[in-house]
Amino acid sequence: IGVGLVGFGLFFVLLGMLLYFDSVLLAFGNILFLSGLVFIIGFKRTFTFFFQRPKLKGTSFFLGGVLVVLMRWPLLGMLLEAYGFITLFR
């Protein structure tokens, strides 16, 4: 279930970007991606991964970008998410 949710999340994010940053598709993709991540590695491990002391900057940008996309500013939100994603996983 988790891999499917992550796959559909990435698909919807890609489709939202191809359709000129459609905020509904991007928001739906973000929610599916995060819920799939929780299903794959568990809630506690997801929480501890995102909220480690050295990764708080990346987490704040990534989750802030998700929130900005949900508020219907998709371009700014995706830029924040991309920076947070790069900061989290480097």
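Here, each number is a calculation from the coordinates, and none is a lab measurement. Here the structure is a predicted model, which means the values were calculated and not measured. Positions of Cβ are generated from backbone atoms using ideal geometry, with glycine treated the same way; all protein chains shown enter the neighbour counts.
Observations, loosely collected:
- Sparse-neighbour loop sites [chymotrypsin sites (Phe, Trp or Tyr not before Pro); segment 23-74; at most 16 other C-beta within 10 Å; DSSP]: PHE51
- Scattering profile of segment 1-59 at q = 0.27 Å⁻¹ [log10 I(q)/I(0), Debye over alpha-carbon scatterers]: -0.94
- Top of LEU63, LEU26, LEU79 by mean-square fluctuation, Gaussian network on the chain, Cα under 10 Å: LEU79
- Neighbourhood charge, 14 Å Cβ-Cβ cut-off, centred on ALA27 and excluding it, Lys, Arg +1 and Asp, Glu -1: -1
- Helix-only CD estimate at 222 nm, as mean residue ellipticity for the chain, using -39500 (n - 2.57) per DSSP H run (n ≥ 4): -27000 deg cm²/dmol
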